[in-house]
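First comes the structure, then the notes that go with it.
The values are calculated or read from the model by the stated rules, or taken from the named source; none is laboratory data. Keep in mind the model is a prediction, meaning the values are calculated, not measured. Cβ sites come from the backbone with ideal geometry, for glycine too, and all protein chains shown count toward neighbours. Remember, those area values only see protein heavy atoms, side chains included, never the ligands or the DNA or RNA. Shrake-Rupley method; radii C 1.70, N 1.55, O 1.52, S 1.80 Å.
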Amino acid sequence: EDESFVRNFEDEARLAALLQHPNIVRTEDFGDHEGQLFMVLEHVQGDELSRLAKMTHGQDQALPLRLILQIGVDIADALDHAHKQHDAQGKPLEVVHRDVSPQNLMVTQEGQGKLLDFGIARASTNQEQTEAGKVKGKVAYFSPEQATGGELDGRCDQFALAVVLFELLIRHRLFLDHNLIGTLRRVVRCDVPALTDFRQDLSAELQHTL
């Protein structure tokens, strides 16, 4: 009954249907059945990254380094695919996911990373456009531009992915504070410690990459 919700739902479904990539959870179908909106997604044999990390860190362990790096490569490929999408006339769709976080990343039983939930993604084809200055997503994974309501492009998704990988490596939250305002301030300051402050077993190349 909420027209804005319906437009958002349709935007997500149309955009997700365009994104055919092995590291993006497929949208198989969507529509309206007797007044009930529905969306059919690929069934992924695996688990949310957030749950895997919580279980592992709760045992005072880290996810295997090889798995973390594989997830990083897979999701970076997925984002690159989304960011480079064009319409039928060749015009860039300017897709920005805006909510890259452990809750929106799946890990298959084979260790493959998959990106899901384009529910708040921004694209030039959206019927429902976000008001200027309004922010969407999980604040602890914002880029500084996202936190200040600035113009966004695909780099804010890349930033969020880097935060996810950094946290997996150090087993500690990077920007999360006791409250929303504190978290936003830490994001805007963007003070990122050296990986060597937490782990001495990582290569110099990996430290430089993140």
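Restricting to segment 151-184, what's the tally of residues that are surrounded by fewer than 16 Cβ atoms within 10 Å (Cβ to Cβ) and of a type in the set (Ser, Thr, Tyr)?
0
Tell me which residues, restricted to segment 48-89, are open to solvent by less than 60 Å² (accessible area, probe 1.4 Å), out of contact with any Ser or Thr (no Cβ under 9 Å at 6 or more places or on another chain) and outside any helix (DSSP H, G or I).
Listed by number, the list holds a single entry, GLN85.
Within segment 116-126, can one find any residue that is modelled with pLDDT of 85 or more and either within 27 Å of LEU69 (Cβ to Cβ) or open to solvent by 40 Å² or more (accessible area, probe 1.4 Å) (or both)? Spell out the reasoning first.
To start, the set of residues in segment 116-126 that are modelled with pLDDT of 85 or more comprises 116.
Cutting the leftovers down to either within 27 Å of LEU69 (Cβ to Cβ) or open to solvent by 40 Å² or more (accessible area, probe 1.4 Å) (or both) gives us 116.
Yes, some residue in segment 116-126 is modelled with pLDDT of 85 or more and either within 27 Å of LEU69 (Cβ to Cβ) or open to solvent by 40 Å² or more (accessible area, probe 1.4 Å) (or both).
Residue under question is HIS97, and the condition is that it be open to solvent by less than 40 Å² (accessible area, probe 1.4 Å) and in contact with a Leu (Cβ under 8 Å, 6 or more places away or on another chain); does it hold?
Numbers: open to solvent by less than 40 Å² (accessible area, probe 1.4 Å): yes; in contact with a Leu (Cβ under 8 Å, 6 or more places away or on another chain): yes.
Criteria met by HIS97.
Take the residues in segment 1-30 that are of a type in the set (Asp, Glu) and not in a loop (DSSP other than H, G, I, E, B); name whichever of them is farthest from VAL100 (Cα to Cα). Outline the logic, then answer.
Restricting attention to segment 1-30, the residues satisfying the condition of being of a type in the set (Asp, Glu) are 1-3, 10-12, 28-29.
Right, trim to not in a loop (DSSP other than H, G, I, E, B) and you get 3, 10-12, 28-29.
On the way: GLU3: 26, GLU10: 20, ASP11: 18, GLU12: 15, GLU28: 22, ASP29: 23 Å.
Only one residue tops the list, namely GLU3.
Mind counting the residues in segment 31-42 that are part of a loop (DSSP other than H, G, I, E, B) and either within 21 Å of GLY113 (Cα to Cα) or at pLDDT below 85 (or both)? So that I can check it myself, show each step before the final result.
To start, the set of residues in segment 31-42 that are part of a loop (DSSP other than H, G, I, E, B) comprises 34-35, 42.
Now restrict to residues that are either within 21 Å of GLY113 (Cα to Cα) or at pLDDT below 85 (or both): 35, 42.
Matching residues across segment 31-42 total 2.
Is it the case that segment 7-26 has a residue that's loosely packed, with under 14 Cβ neighbours inside 10 Å and among the acidic types (Asp, Glu)?
Going through segment 7-26, the residues loosely packed, with under 14 Cβ neighbours inside 10 Å turn out to be 20, 22.
Now drop any that are not among the acidic types (Asp, Glu), which leaves none.
No, segment 7-26 contains no residue that is loosely packed, with under 14 Cβ neighbours inside 10 Å and among the acidic types (Asp, Glu).
Give all pairs with beta carbons closer than 6 Å in which a residue from segment 38-63 that is over 21 Å from HIS21 (Cβ atoms) meets a residue that is at pLDDT below 95 and charged (D, E, K, R); count only pairs at least 6 apart in sequence or on separate chains.
HIS57/ARG171; ALA62/ARG171
Looking only at helices (runs of 4 or more DSSP H) that fall completely inside segment 142-209, which ones have 1 or more residues that are closer than 19 Å to ASN104 by Cβ and under 19 Å from the mean Cα position of the chain (by Cα)?
Working: elements: 144-147, 155-170, 180-189, 204-209.
Fully inside segment 142-209 and qualifying: 144-147, 155-170, 180-189.
Can you list residue pairs whose Cβ atoms sit under 7 Å apart, with the first residue in segment 15-37 being of a type in the set (Val, Ile, Thr) and the second being in a loop (DSSP other than H, G, I, E, B)? Count only pairs 6 or more apart in sequence or on different chains.
VAL25/GLU42; VAL25/VAL44; VAL25/LEU116
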